[in-house]
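Trainee: Before we start, here is the structure in question, set down as structure tokens.
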Amino acid sequence: MNEMAPISREERVEKLKGLGCSRKRVEDVRFTQGKGNYVDDLKLPGMLHGDFVRSPYAHARVKSVDKSAALALPGVVAVLTAEDLAPLNLHWMPTLAGDKQMVLADGKVLFQGQEVAFVVASDRYVAADAVDLVVVDYEELPVVTDPFKALQPDAPVLREDLQGRTSGAHGDRRHHNHIFLWEAGDKAATDEVIASADVVAEEMVYYHRTHPCPLETCGCVASMDTVNGKLTVHGTFQAPHVVRTVASLLSGIEEHKIRVISPDIGGGFGNKVGVYPGYVCSIVASIVTGRPVKWIEDRMENLTATAFARDYWMKGKIAATKDGRITGLSCHVTADHGAFDACADPSKFPAGFFHICTGSYDIPVAHVGVDGVYTNKAPGGVAYRCSFRVTEAAYFIERMIEVLAIELGMDAAELRAKNFIRKEQFPYHSALGWEYDSGDYHTAWDKALKAVGYADLRKEQAERVEAFRRGETRKLIGIGLTHFTEIVGAGPVKNCDILGMGMFDSCEIRIHPTGSAVARLGTISQGQGHATTFAQILASEIGLPADSITVEEGDTDTAPYGLGTYGSRSTPVAGAATAMAGRKIRAKAQMIAAYLLEVHDGDLEWDVDRFVVKGAPERFKTMKEIAFASYNQAIPGVEPGLEAVSYYDPPNMTYPFGAYVCVMEIDVDTGVHEIRQFYALDDCGTRINPMVIEGQVHGGLTEALAIAMGQEIAYDEIGNVKTGTLMDFFLPTAWETPHYTTDFTETPSPHHPIGAKGVGESPNVGGVPAFSNAVHDAFRPFGLRQSHMPHDHWRIWKIARDLGLHG
Amino acid sequence: MIPAAFEYHRPTDLQAALATLQEFGDEARVIAGGHSLVPMMKLRMATIGHLVDLRAIADLKGIRIDGAAVRIGAMVTQQELIADAALARAAPILRETALQIADPQVRAVGTIGGNVANGDPGNDMPALMQCLDASFSLVGPNGSRAVKAREFYEAAYVTAREDDEILVAIDFAAPGGGYAYEKQKRKIGDYATAAAAVTIRKDGTACSAASVAMTNLSDVPVWSKAAGDALVGSACGPADVGRAVAAALADIAPTADNRGPAEFKRHAAGVVIRRAIERAWSRA
Ligand SMILES: Cc1cc2nc3c(=O)[nH]c(=O)nc-3n(C[C@H](O)[C@H](O)[C@H](O)COP(=O)(O)OP(=O)(O)OC[C@H]3O[C@@H](n4cnc5c(N)ncnc54)[C@H](O)[C@@H]3O)c2cc1C
């Protein structure tokens, strides 16, 4: 063996590619070569293909389903309907939100695109032809797509299965289309403050229905091995272990006989958290036929039938003193959940963490109430690139601040700074019950305003308004401000669970004799780059190079139990488990090193990649040497091998924050906008990989741009989806995407082992209000207070017209 | 998004293509780039028993420029229109328009023939062809004929072409002078919210000829004779342009869709037409 020349400490640190290193993403080698392995790439011998007959109606009785013509088509193996699933009690399934949902239409359909029958055929094309041959006799029923109309006394009854049930999983139901009322805060005190305040701004803020629209749609391959009784399901699952548990509970197959595998996933954004009828039908079909069954939805099915996001009508009141000190906040939400309550929130939080809606501000009293409502729309309400309902909350408070600034005649940047929670107030207890772990908002805000030259921007804007009034230009400038606070990393087992499963996460590490390692986690990357960044956490903890550490996720037969990846929880929870497991490795390594160096444990100190005898720097054992020793030496009192596992129950959530500024030019005649500048400062605590952070910020901002400026799931009055293809559903390309300037401050989380907070979703949470506020701000001088998203051309044009700017 | 089964034919000359169309009648349809037809088939809005691919027919390719006379084969792709240097000199408005169609992937395959034959009011080439007063050469079982672009479009997806005729080429005289194709759209790959093609010739300080046509503002492309007339003889000052815009707007009938209500489209059309005229005049 060639001993290398001794290298400096800095060189040793660099070699690890640990925390703080902009290490290139190891995943990209295969992704950029088209060598990823997605579920639709999987082809098993004898595999059958499933496809759905879906309802063209938003509300109808299903009088009969005639499958004879379909069954007669050569290659068709089976056509499943609710009647076939009923004996197995699988025609309905529980949702994550404590409701239940039809797997296949049981007597009626409740939204356009609802699954009515599942065709199984030898070939994908035959399956599609057979779908056309299934004859369904529908009787149309009155449709409600508006949650306010759904709550009127004479509104049609949507959920006949719940008739007469005056309470549900989250308390009382006061109307046949009402799901729950969920509240937080002190209503009486808030009402009192608002009633006696100097100034109260009141506004209805609507965050429209949209969709995560991952590039890869949802799908699975279910494969029942009839010989050994083992069910394997490959699928697009953001939480594979939860899927295994649910599959076991629903099917009665023991959990050790089920293996769930999430291969490469082409984006999830919350869309792939829930359990869909396609999974259940594929599993049943595989059990019945004894052959593997693949189901992959197409883009239209994805947009119309699998989980949507948002659709929150938020009525707010914000109270303040004359000089702009906020004294209270109230919010009532009418939440449109669609036909079934299939939100993917921790069980005890039917409105997610919406009560983070006091945002970055020190607001003494507050109250929120959220009414969940059924309508004839697709179920969902997932956290689209955000923690549970946090984007809605951030949008709400950041609009209310702007509206209050208008009411007070004050600059919105100044109003924010005046009300920020101050650095010395952390840990901060919010009026709605959260404990913010850390923050330094004023520093971030000042840095952001300085970076964009805020005062000059305002001057330029005022000059532009004058020029516009003189008829010299038809373009206005909008300056969109946002200071957001997120709540991510669900979460402490004491109050966070999904279907009873505590929201801890896990990491298991095995060090190989020659000093490389494999780490397996309970999370699953969908593009976030876990294989890159988790190896970096570990490299810094155990002193082996990140390049020598394989990170594996997504196979329930090998990975330790975890709750999956969504809500920016991977780094706060599984990342913490990784660090903790690494520390266990290091503790054992220290004992081995002490034995090898013939000193006491306490006489050693850790130095980058080795244990060194205190005061004798020439005496050390590297981690690589220790790893080998752990396998080849009999060390008294120490077991052979070097492995560790950690299940991490986080003591609190983490609270990333950021300051964003968007400068937009708007043509008042065409509604066309151009983003001239976008500055994004993120504070995600300790920065594991700055390049990955920047990539996450760019992606999140681009999804925010999409949502704010055009993306929506729109329905007409009879419940037809109007935006079911990418022609109408806005997915920005490089062309529409502006240049982003990223920046940061670093306020580590005090309770996280490495101080990291999570960043994947921040830019979407903060980006949406920044873009939207820019549009509003452009028209503020002409009297605009509130105009609902998405701000596509015609809606911007309408703002201008309604303000009389078209002459 | 899976089409129904179909038979695929790939003739290598026009006569064979026409014969296949004859043989299968209603069941057969020609396919060019497939970027309008295949999406309809995948949505099962079109079920076609026999697809007759025109790609292997050499006669349908090529751009020929002879003085002012321009002839473009039906199977010339939008990308080829963009890349052709001689065409860019003779009639630069084709390049300007083609660059605003869809995205590079679509343009690499979609053809000018498919774009004008399709009959979708959202297609950009038909209005341009009306602006240029192009004529379409059709060949059918009874020989060939030419139809003016201004007389070709009858309603959405309904054109003067008979089912058994194939569009072989497009002819027009390079207009000279100033030109502009101005298009407002929501994003790359989108059809127009409003678009206008304008050509203008200038004689001294006055406009000597002008042609104005519009995309996606009615169920067919709209050539506004009145708009052109309003400009001829004028110096294209703001009032003249205003009159032309008013005349053009009188000829359109936009309808509401996801891009917005008719009222908005009318307003946006006014801006788009004005900009097209101003840009064309500035280049005249
Ligand atoms: C994402 C996307 C975005 C798009 N955006 C735009 C846009 O912005 N502007 C725009 O103008 N277009 C747009 N298109 C349409 C695109 O330009 C098509 O390529 C074009 O409309 C049709 O040309 P094609 O060669 O693909 O024809 P095909 O799809 O093959 O054919 C279209 C129709 O014309 C008929 N046809 C084709 N060639 C002939 C012929 N020689 N003789 C007789 N009949 C014929 C076919 O039978 C068919 O009915 C878009 C398409 C996509 C997929």
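The values are calculated or read from the model by the stated rules, or taken from the named source; none is laboratory data. Quantities reported herein were computed from a predicted structural model and do not represent experimental measurements. Cβ coordinates were reconstructed from backbone atoms using ideal geometry, including for glycine residues, and neighbour counts include every protein chain displayed. Note: areas computed on protein heavy atoms with side chains; ligands, DNA, RNA excluded. Shrake-Rupley method; radii C 1.70, N 1.55, O 1.52, S 1.80 Å.
Trainee: Name the strands (runs of 3 or more DSSP E) wholly within the stretch A:136-237 that hold at least 2 residues that are closer than 21 Å to A:Arg389 by Cβ, touching a Lys or Arg at 6+ places or on another chain (Cβ under 8 Å) and not assigned by TED's automatic domain parsing to the domain that holds A:Ile707?
Mentor: Details: elements: A:178-185, A:199-210, A:219-225, A:230-235.
The qualifying strands (runs of 3 or more DSSP E) are A:178-185, A:199-210.
Trainee: Quick check on my filter: what residues within the stretch B:250-284 are open to solvent by 20 Å² or more (accessible area, probe 1.4 Å), more than 14 Å from chain A (Cβ to nearest Cβ) and either farther than 27 Å from B:Thr205 by Cα or part of a helix (DSSP H, G or I) (or both)?
Mentor: B:Ala250, B:Asp251, B:Ala253, B:Arg279, B:Trp281, B:Ser282, B:Arg283
Trainee: Also: State yes or no: is A:Gly724 away from the ligand (no atom under 16 Å from the Cβ), small (Gly, Ala, Ser) and within 19 Å of A:Ala307 (Cα to Cα)?
Mentor: Numbers: away from the ligand (no atom under 16 Å from the Cβ): no; small (Gly, Ala, Ser): yes; within 19 Å of A:Ala307 (Cα to Cα): yes.
No; evaluated as a whole, the condition is false for this residue.
Trainee: Evaluate the stretch B:142-152: report whether one residue or more is within 10 Å of the ligand (Cβ to nearest atom) and either over 13 Å from B:Val222 (Cβ atoms) or among the β-branched types (Val, Ile, Thr) (or both).
Mentor: Here is the first cut: in the stretch B:142-152, the ones within 10 Å of the ligand (Cβ to nearest atom) are none.
Within the stretch B:142-152, not a single residue is within 10 Å of the ligand (Cβ to nearest atom) and either over 13 Å from B:Val222 (Cβ atoms) or among the β-branched types (Val, Ile, Thr) (or both).
Trainee: Further question: Pairs, please: C-beta under 6 Å, at least 6 apart or cross-chain, first residue within 14 Å of chain B (Cβ to nearest Cβ) and closer than 21 Å to A:Val76 by Cα and in the stretch A:131-143, second of a type in the set (Asp, Glu) and surrounded by 13 or more Cβ atoms within 10 Å (Cβ to Cβ)?
Mentor: So the pair list comes out as A:Val131/A:Asp51.
Trainee: Of the numbered conditions (1) away from chain A (no Cβ under 14 Å); (2) out of contact with any Gly (no Cβ under 9 Å at 6 or more places or on another chain); (3) more than 14 Å from the ligand (Cβ to nearest atom), B:His50 satisfies every one except a single condition; which is it?
Mentor: (3)
Trainee: Could you look through the stretch A:76-102, keep only residues that are small (Gly, Ala, Ser) and open to solvent by less than 30 Å² (accessible area, probe 1.4 Å), and pick out the one that is farthest from A:Lys722 (Cα to Cα)? Walk me through how you get there before you give the answer.
Mentor: Within the stretch A:76-102, the first condition is being small (Gly, Ala, Ser), and the residues that meet it are A:78, A:82, A:86, A:97-98.
Of the ones still in play, those that are also open to solvent by less than 30 Å² (accessible area, probe 1.4 Å) are A:78, A:82, A:97.
Details: A:Ala78: 32, A:Ala82: 28, A:Ala97: 27 Å.
Per the criteria, the residue is A:Ala78.
Trainee: May I ask you to list the residues in the stretch B:176-215 that are modelled with pLDDT of 95 or more, within 11 Å of the ligand (Cβ to nearest atom) and open to solvent by 30 Å² or more (accessible area, probe 1.4 Å)?
Mentor: B:Lys185, B:Arg186, B:Tyr191, listed by residue number.
Trainee: Output the residues belonging to the stretch A:488-509 that are within 25 Å of A:Pro763 (Cβ to Cβ) and either touching a strand residue (DSSP E or B) at 6+ places or on another chain (Cβ under 8 Å) or assigned by TED's automatic domain parsing to the domain that holds A:His752 (or both).
Mentor: Of everything in the stretch A:488-509, those that are within 25 Å of A:Pro763 (Cβ to Cβ) and either touching a strand residue (DSSP E or B) at 6+ places or on another chain (Cβ under 8 Å) or assigned by TED's automatic domain parsing to the domain that holds A:His752 (or both) turn out to be A:Val488, A:Gly489, A:Cys496, A:Met503, A:Asp505.
Trainee: Right, A:Lys230: in contact with a Gly (Cβ under 6 Å, 6 or more places away or on another chain) and free of Cβ contacts under 8 Å to residues at least 40 places away in the same chain or not?
Mentor: Numbers: in contact with a Gly (Cβ under 6 Å, 6 or more places away or on another chain): no; free of Cβ contacts under 8 Å to residues at least 40 places away in the same chain: yes.
Considered against the rule, which asks whether it is in contact with a Gly (Cβ under 6 Å, 6 or more places away or on another chain) and free of Cβ contacts under 8 Å to residues at least 40 places away in the same chain, A:Lys230 comes out as no.
Trainee: Please determine whether any residue of the stretch A:657-678 is open to solvent by 10 Å² or more (accessible area, probe 1.4 Å), more than 40 Å from the chain's Cα centre (by Cα) and at negative phi.
Mentor: No, every residue in the stretch A:657-678 fails to be open to solvent by 10 Å² or more (accessible area, probe 1.4 Å), more than 40 Å from the chain's Cα centre (by Cα) and at negative phi.
Trainee: Have a look at B:Asp59, B:Asp103 and point out the one that is closer than 24 Å to B:Phe152 by Cα and among the acidic types (Asp, Glu).
Mentor: Details: B:Asp103 fails: closer than 24 Å to B:Phe152 by Cα.
Every option except B:Asp59 fails the conditions.
Trainee: Does A:Glu435 count as open to solvent by less than 60 Å² (accessible area, probe 1.4 Å), in contact with a Pro (Cβ under 9 Å, 6 or more places away or on another chain) and in contact (Cβ under 8 Å) with a residue 40 or more places away in the chain?
Mentor: On the way: open to solvent by less than 60 Å² (accessible area, probe 1.4 Å): no; in contact with a Pro (Cβ under 9 Å, 6 or more places away or on another chain): yes; in contact (Cβ under 8 Å) with a residue 40 or more places away in the chain: yes.
It is false that A:Glu435 is open to solvent by less than 60 Å² (accessible area, probe 1.4 Å), in contact with a Pro (Cβ under 9 Å, 6 or more places away or on another chain) and in contact (Cβ under 8 Å) with a residue 40 or more places away in the chain.
Trainee: Would a scan of the stretch B:189-208 turn up a residue that is in a helix (DSSP H, G or I) and more than 14 Å from chain A (Cβ to nearest Cβ)? So that I can check it myself, show each step before the final result.
Mentor: So in the stretch B:189-208, the residues in a helix (DSSP H, G or I) come out as none.
Taking every residue of the stretch B:189-208 in turn, none turns out to be in a helix (DSSP H, G or I) and more than 14 Å from chain A (Cβ to nearest Cβ).
Trainee: Can you find, within the stretch B:24-42, the residue that is surrounded by the fewest Cβ atoms within 10 Å (Cβ to Cβ) among those that are within 6 Å of the ligand (Cβ to nearest atom) and part of a strand (DSSP E or B)?
Mentor: Within the stretch B:24-42, the match that is surrounded by the fewest Cβ atoms within 10 Å (Cβ to Cβ) is B:Arg29.
Trainee: Which strands (runs of 3 or more DSSP E) does the stretch A:473-546 wholly contain that include 2 or more residues that are more than 30 Å from A:Gly453 (Cβ to Cβ) and more than 16 Å from the chain's Cα centre (by Cα)? Can you show your working first?
Mentor: Numbers: elements: A:475-485, A:505-511, A:517-521.
Passing ranges, in order: A:505-511, A:517-521.
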